[in-house]
Structures are given as structure tokens and as C-alpha cells.
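First the structure, in the form of C-alpha cells, and then the observations on it.
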Amino acid sequence: MFIALLTLALVCAVGSAAADAKKTAKAKGPKPPKERKIDAAVTKRPTQLRTESGLVVMNLPEGVTFAAAEHKGKAVWVYAPSGQRYWLPVEDVKMIKGHKVSVDDINDKQLKSFGLQVTAARVTAVMQSVYPTPGTSLTAGMRTEWEDKVLIEMAIKAQISLPQLSLMLEWAVFSGYVD
């Protein structure tokens, strides 16, 4: 717990200066869309998010929305914030065609704050991978899974869908607030 608090304090102190420095170096390339329609998978009940090999990444509550990748057998494959695919049991998921995701109501100040939160989440993921809590099935070498886990937890706490978090992340990268 102490390490997590120390890490958060360090990220807040350093992250603010880093974000201000990045503000002038906006990304090149095409602008991300302000809204997008996707096929979504929403958890109908508490369930487990798993890797391709069946390793449990995390327990999920009811109502978590993911971008659906495909439905194959008894699994619904979904995309995490990293773009990596995980699966959920088909009986625990409700599919929604044409789910609309938008960042129209998010201003630059909120996007900058979001960028700092993502940076803190990434640092937290590294710390959790080095000092995992007892009972976790993720190893220290599974950095992508750790980062996805922390960003999914962040989306759940903020009560936003994972596709919206991903779109916000695209805009934060484009704006220079996140690498």
C-alpha cells in the first residue's frame, strides 16, 4: 500500500511537468474520430476475463462494456485497451450491434487529466507486476495483461465503457498527453 501511494505521489509530481512539456509536441497524423459505432459485448453477470490460454486476468462485475472481436464457440472474444484480445464465456455476455461511442462532451482540460490518470495507471501496472498481491495468476512478465487490468479497473470506477476509454486514449495520444 505504501509503495502504491509513493508511486502515485511520484507520478503526480513528475506527470504534470511531463504533460505540460508534451503539450507543445502534438502528434502528427490524422485526427481520430469524435464518435464511432462498434459491436459491443456487455457482461450480464459477474464473470472472469481470460487470456487465450485460459489464464484469469481479472474478475469483472455486471455491466462492463467491451468492443467485441468475435463470437467463437462458447467464448466471446473482446478487445482490451491495449488491443489485445481476451475472452468471456458466451452465457455471461449480451451482444449489442452498433453501440455508439463518443468523446464529443470531453474538453481539452478533461483529456489532459485523463492522460495523467492513464500515465499513473501504467506506473501502477508496473508496480503491481513487480509486487503482485497474493492469489493473482498474472506473472511479472505479463506487462500488457497488467496494464489492461489496471485500465479496465479505471474504466469500471469511472463508469465508462472500454470502447469509450480507448477512443479517449486515442485523443489523448493525438493531443500529446499520453505516449
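The values are calculated or read from the model by the stated rules, or taken from the named source; none is laboratory data. Small disclaimer: the values here were computed from a predicted structure and weren't measured. Don't worry about glycine lacking a Cβ; one is built from the backbone with ideal geometry, like all the others, and counts go over all protein chains shown.
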May I ask you to verify whether residue 91 is assigned to a helix (DSSP H, G or I) and assigned by TED's automatic domain parsing to the domain that holds residue 45?
yes
Selection status of residue 123, modelled with pLDDT under 90, closer than 28 Å to residue 55 by Cβ and more than 13 Å from the chain's Cα centre (by Cα):
no
Six or more apart or on different chains, Cβ under 7 Å: which pairs go from a residue in segment 156-179 that's in contact (Cβ under 8 Å) with a residue 40 or more places away in the chain and farther than 29 Å from residue 62 by Cα to one that's of a type in the set (Ser, Thr, Tyr) and in a helix (DSSP H, G or I)? Could you list them?
178/119
Condition check: touching a Pro at 6+ places or on another chain (Cβ under 7 Å), touching a residue at least 40 places away in the same chain (Cβ under 8 Å) and assigned by TED's automatic domain parsing to the domain that holds residue 55. Does residue 67 satisfy that?
yes
Exactly one of (1) assigned to a loop (DSSP other than H, G, I, E, B); (2) not assigned by TED's automatic domain parsing to the domain that holds residue 45 is unmet by residue 82. Its number?
(2)
Based on what the data block shows, is residue 113 in contact with a helix residue (DSSP H, G or I) (Cβ under 6 Å, 6 or more places away or on another chain) and hydroxyl-bearing (Ser, Thr, Tyr)?
no
Residues of segment 31-54 that turn out to be in contact with a helix residue (DSSP H, G or I) (Cβ under 9 Å, 6 or more places away or on another chain) and surrounded by fewer than 15 Cβ atoms within 10 Å (Cβ to Cβ), as a count
7
Only one of these is among the basic types (Lys, Arg) and modelled with pLDDT under 50: 44, 34, 22, 28. Name it.
22
Please specify each residue of segment 56-87 satisfying the condition of being more than 29 Å from residue 178 (Cα to Cα), within 20 Å of the chain's Cα centre (by Cα) and surrounded by 13 or more Cβ atoms within 10 Å (Cβ to Cβ).
76
